[in-house]
Structures are given as structure tokens and as C-alpha cells.
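Enquirer: My questions all concern the structure below.
Every read-out reported here was derived from the displayed coordinates using simple, explicitly stated rules and does not represent laboratory data. On a predicted model such as this, the values are computed, not experimentally measured, just so you know. Quick reminder, even Gly has a Cβ in these numbers, built from the backbone with ideal geometry, and neighbours come from all protein chains shown.
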Amino acid sequence: MKKKILIHAALATLVITSCSTPKEKKDFSFDVMEAKVVAPATYIIQGNRFSEDIFLSAHSSSVPFEIKLDSTGNPNQTITYKNGVCTYEAIADSLGVQRVSGSLLLKSPDGKAISYPFSSEYVVAKMQAQIVPLDFVLYRGKENRLNISVPSISPNDLGVIVSNGTVSGDKGIYTVVPGKENKCMITITMDSKEGPKKVDAQEYNVVDK
């Protein structure tokens, strides 16, 4: 999964239609110009998609713009443009606080470059399942009821796979009957557009009762 940043330029009264192809320059006036950052959420689960809008307070169809990032070392990052928006995407594969900064660059009618800096940060967290009971023990040959949940994920989207025995149930409530082995790995998955995706895996001891 990728994180996405939408970078939208806005100048006085006209709409920006290109950030890569220069056009004939016309006079335009600017009011207050400053970069703004708006993000629906700054805390996301590792592997999920992050998005935010970075924009100016005015716009002009005669002024092309581009985005210059402070950090360009990530080989898995791209910037694309559509309808006045530059979209930055990269894989959110590092945990913790992540920072994105750079400049939105415009050319004034006299050809001089104008730079508007922006910066933001977000938190990438690892998904972890919560399984009740918490003693990490399953009883061999018996029906062991487990309540399984994952923060921010609907129970309807969860699935469970066991390495030793059988599992039944859905919507966060499952019954596991362990087999002959002394260990049982419980793997929790979630539905996604790409198919089932692993969320977490926890190993349980299997004992006789």
C-alpha cells in the first residue's frame, strides 16, 4: 500500500491546469499566498494509505507549478499531476513519525521563481490483533472460543487461519479445535482490494485438559 499526498496550487481567480507544460504568461495579482496542509488523519496503520492536501489560497490557469521535495532518496516515490493536483505517492513501510516537506514552485509573469514551503508529519503504526482470552493456551481436541478484533478494521473484514487444527466462525467470534501438535499459529487476515492481507500472527501452546 502507498501513502498519498495531494498538492493543490491556488492563485487569485483562475484555475491551474498544468504543472509541467509552460503556457503564455499573463498578468495576475496575488492576495495572501501561503502553503496550507489539510490531512483527514495523521495516524494510519502500516501498509495503509495516507493522504493530505497541500494548497495555496488562490489560483490561476496561466501559472504552471511544480513540487520540489526536500528528500528524494526514496526510490518508491512518484509525483503525478491531474486537474490542478500533484499527487505524491510512496510506500509507508517505516514505523513511527514520518515527515514530508518541500516547496511548491511558481513562475511570476516576469519569469522569476516563487517558492512556497510546506511541511507535514504523520504516524505509521503496525497493525496488531487483540485476541481474548489472553493466556495463549488452547486445549487439545476441545472447542476454544476466541474473540478477535483489530483496531480500525471491521469484524466483517477479518479472517482467521490456524496451523494446527480447525477454525470456524466469523465477525470476530471464532472457535478453534487444535490438533495433535503442541503449538498452533493463529493468523489473522483482512479483506482488501488485492485479496486477503495478513494483519498479525500469534502462537498458542496446545495442552490437554
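Enquirer: Quick check on my filter: what residues within segment 131-158 are surrounded by 14 or more Cβ atoms within 10 Å (Cβ to Cβ) and in contact with a Ser or Thr (Cβ under 9 Å, 6 or more places away or on another chain)?
Expert: Residues satisfying the conditions are Ile131, Asn144, Leu146, Asp157, Leu158.
Enquirer: Another question about this same structure. Could you list, in sequence order, all residues of segment 155-184 that are of a type in the set (A, V, I, L, M) and over 18 Å from Lys126 (Cβ atoms)?
Expert: Within segment 155-184, Val160, Ile161, Val162, Val167, Ile173, Val176, Val177 meet the criteria.
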